[in-house]
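One structure is given here, and the rest of the page talks about it.
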């Protein structure tokens with residue numbers, strides 16, 4: 001099967017590129033996910049890396065413009081995010097993946113956000129082997145589907161396009177985790193948004209204390225477990241690597 005692997009992006013400056021998007025590219029360029037093309041779908045960023053690092057093509061560019069390299073696929077304007085449930089910039093980029101998949105002749109869309117990492121051969125092998133359906137993982141902490149890692153196969157492309165057509169203004173007014181029409185939620189893999197899970201801080205456990213610099217230290221975040229299959233919303237202070245043997 002022909003696959004595209006993509007993340008969405010909004011690149012504020014060179015530091016954001018290095019710490020987030022270059023990190024993602026470096027991790028997935030040599031595996032562990034098998035994909036014929038790696039794309040970064042961009043919401044009108046104010047800064048872009050030079051073409052000798054990665055080329056940028058317009059969102060409506062023909063297939064011939066993509067070549068065989070990794071590319072940034074860019075929208076000229078920025079739609080951004082207005083609130084927790086209003087984020088048209090992400091929706092536009094995410095939904096554009098089905099257009100790109102068809103344009104490039106792909107049979108599968110693998111969506112792994114720029115702060116999401118597959119850590120084990122167990123999960124990588126599962127993702128690489130999917131050939132039908134629309135699949136997501138699960139965040140135990142928040143108790144809902146984890147849409148930062150998704151696999152969408154060609155038998156779901158028409159459903160994907162129907163979903164996209166519902167809101168041409170990208171105003172869905174709800175979290176993607178609650179409304180995307182995925183067919184399978186996989187709870188057998190261990191992982192979470194560990195950067196958002198706080199250690200028990202006793203009388204200071206309320207989120208109203210989060211602004212205190214002391215409680216922003218890595219010590220007060222739950223570390224990534226040694227047996228985690230994935231991590232999402234990863235931050236620079238978290239250290240991890242793909243574990244080739246378990």
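The values are calculated or read from the model by the stated rules, or taken from the named source; none is laboratory data. In this text, all values refer to a predicted model and were calculated from it rather than measured experimentally. Cβ sites come from the backbone with ideal geometry, for glycine too, and all protein chains shown count toward neighbours.
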Of all residues in region 24-49 being without any contact (Cβ under 8 Å) to a residue 40 or more places away in the chain and surrounded by 15 or more Cβ atoms within 10 Å (Cβ to Cβ), the one that is nearest to the chain's Cα centre (by Cα): 38
Complete set of residues in region 110-147 that are assigned to a loop (DSSP other than H, G, I, E, B), touching a helix residue (DSSP H, G or I) at 6+ places or on another chain (Cβ under 8 Å) and at pLDDT 95 or above: 114, 115, 132, 133
Complete set of residues in region 150-190 that are at positive phi and at pLDDT 95 or above: 170
Unique residue being crowded, with 16+ Cβ neighbours inside 10 Å, more than 19 Å from the chain's Cα centre (by Cα) and over 24 Å from residue 232 (Cα atoms) when the list is 66, 75: 66
Residue that is nearest to residue 40 (Cα to Cα), among those in region 115-149 that are without any contact (Cβ under 8 Å) to a residue 60 or more places away in the chain and crowded, with 16+ Cβ neighbours inside 10 Å: 147
Selection from region 150-162 of residues that are surrounded by 17 or more Cβ atoms within 10 Å (Cβ to Cβ) and either in a helix (DSSP H, G or I) or free of Cβ contacts under 8 Å to residues at least 40 places away in the same chain (or both): 154, 156, 157, 160
